[in-house]
1. List every residue pair whose Cβ atoms sit under 7 Å apart, with the two residues 6 or more apart in sequence or on different chains, where the first one lies in region 112-126 and is assigned by TED's automatic domain parsing to the domain that holds H146 and the second, anywhere, is in a loop (DSSP other than H, G, I, E, B) and of a type in the set (S, T, Y).
2. When L22 is evaluated against the numbered criteria (1) part of a helix (DSSP H, G or I); (2) touching a Phe, Trp or Tyr at 6+ places or on another chain (Cβ under 9 Å); (3) over 20 Å from P92 (Cα atoms); (4) hydrophobic (A, V, I, L, M, F, W, C), which criterion, by number, is the only one it fails?
3. Between a residue in region 208-219 that is under 19 Å from I77 (Cα atoms) and any residue that is more than 8 Å from the ligand (Cβ to nearest atom) and among the aromatic types (F, W, Y), which pairs come within a Cβ distance under 7 Å, given they are 6 or more apart or on different chains?
4. Of all the residues that make up region 295-353, how many are assigned to a loop (DSSP other than H, G, I, E, B), out of contact with any strand residue (DSSP E or B) (no Cβ under 7 Å at 6 or more places or on another chain) and among the hydroxyl-bearing types (S, T, Y)?
5. Could you check region 193-236 and list, in sequence order, the residues that are among the charged types (D, E, K, R), more than 20 Å from F55 (Cα to Cα) and either within 13 Å of the ligand (Cβ to nearest atom) or in contact with a helix residue (DSSP H, G or I) (Cβ under 7 Å, 6 or more places away or on another chain) (or both)?
6. Could you tell me whether region 77-95 includes any residue that is in contact with a His (Cβ under 8 Å, 6 or more places away or on another chain), in a helix (DSSP H, G or I) and touching a residue at least 24 places away in the same chain (Cβ under 8 Å)?
7. Of the conditions (1) over 20 Å from I345 (Cβ atoms); (2) in contact with a Phe, Trp or Tyr (Cβ under 9 Å, 6 or more places away or on another chain); (3) of a type in the set (A, V, I, L, M, F, W, C), V9 fails just one. Which one is it?
Amino acid sequence: MNSFVEVNVPNVIHNIQSVRKLSGDALFMAIVKSNAYGLGMVELSLQIQSFVDRFGVNSMDEAIQLIHSGITKPVHILSPYFDDRVREGIIPTIDNIADLHRYDSICENKRYEGRFHLKINTGMNRFGLEIEQLDDFIEALQRCDHITMEGVFSHFGSTYGNHRSFTKKQWDKFMFCKKRISMIYNQPMIFHIANSAACIDFPQSRLDMVRIGNAMYGFLSSKANIGLLPTFLVKTSVMSVRFVNKGEYVGYGCTFKAKQNMWIAVIAFGVYDGFGLTRTRKSFLREIYLRFFPRPKLLIQKQHIKTLGNPSMTYILADVTSINAKPGEEVILKVDSILSLKETIKRKYVIPT
Ligand SMILES: *Cc1c(COP(=O)(O)O)cnc(C)c1O
């Protein structure tokens, strides 16, 4: 209702440039799948288009949506699923010979030279051609007249920081493929494997293109500090303020009883909007700790405000005794993750001036 997510586009652009400083000449693929990690795929992509080289999404539907909204940079579908709606500007991922032939005939019918990227399974075991099939795949490709393999990629299943030897194993397999492909298929080729964490922590993995999601959104996935900025704030407002006498209960469940006379604000945000939901499970000790030292979740006038009682579907009640809050006043909500917020909450964009 009154709540919205304020997306800070200049900060997103700052983060893109911070990563680009690291990755040098490598192409920059902005990963905007899953509604740009909650920040709004179409609007954000249009705002950052001139700062990136390509876009990466999960599905055909997302790719079509971007193309229809005026995106002119190439859009990659990162999963190996595509259909007849594929067209110039949309670059599918292919990881098997049957799809290679299917793509070839789609492009023949549509009369354009289609590009695609080959995905190789190096150990994550989700998508990707097995390395043993590489030679057969290239041989099949040589007989396709309407398509070009523009790139070859793989994806890390963990991070260099957390699983160094697993990551190195994936890297070695990918390097093996890179060598083999250069040997049997002598064409210019974009090799890419680095996501945000790899790009920052494992420099050699940057190769010809980096695929950046988390870092662009300021969600640090690395211990290295490269000066990323936060990219969104969740805002809402005080609907009303009321006086409550000492000894009265506040909110659902009789979980809060006023120990003194107090002022209470009704804030337009609730469980339905995603308040209090967390993406990660907390450890038992962490739960206990939070019970005794609850993390501040609301800010009014830059002051941390305590929520009272159980939150309801659409409202939170908060203690504003010490700050003299007024109806209409701005409230900033601290959320663990934007992914826990409802997509229906309006996204507003602070754009570069
Ligand atoms: C989501 C995704 C990325 C981006 O990963 P981040 O950690 O958000 O940078 C890169 N590559 C592929 C294939 C992905 O699916």
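1. Partner pairs satisfying both residue conditions: K119/S154; I120/S154; T122/S154.
2. So the condition that L22 fails would be (2).
3. Taking only residues 6 or more apart or on different chains, the pairs are D208/F191; V210/F28; I212/F28.
4. 5
5. Once the filter is applied, which keeps residues that are among the charged types (D, E, K, R), more than 20 Å from F55 (Cα to Cα) and either within 13 Å of the ligand (Cβ to nearest atom) or in contact with a helix residue (DSSP H, G or I) (Cβ under 7 Å, 6 or more places away or on another chain) (or both), region 193-236 yields only D201.
6. No, region 77-95 has no match at all.
7. Result: V9 fails condition (1) only.
Residues checked against (1) among the basic types (K, R); (2) modelled with pLDDT of 95 or more; (3) surrounded by fewer than 20 Cβ atoms within 10 Å (Cβ to Cβ); (4) touching a Lys or Arg at 6+ places or on another chain (Cβ under 6 Å):
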site	(1), (2), (3), (4)
R211	yes, yes, no, no
Y217	no, yes, no, no
I226	no, no, yes, no
E248	no, yes, yes, no
Y252	no, no, yes, no
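The values are calculated or read from the model by the stated rules, or taken from the named source; none is laboratory data. All values reported here derive from a predicted model rather than from experimental measurement. Cβ coordinates were reconstructed from backbone atoms using ideal geometry, including for glycine residues, and neighbour counts include every protein chain displayed.
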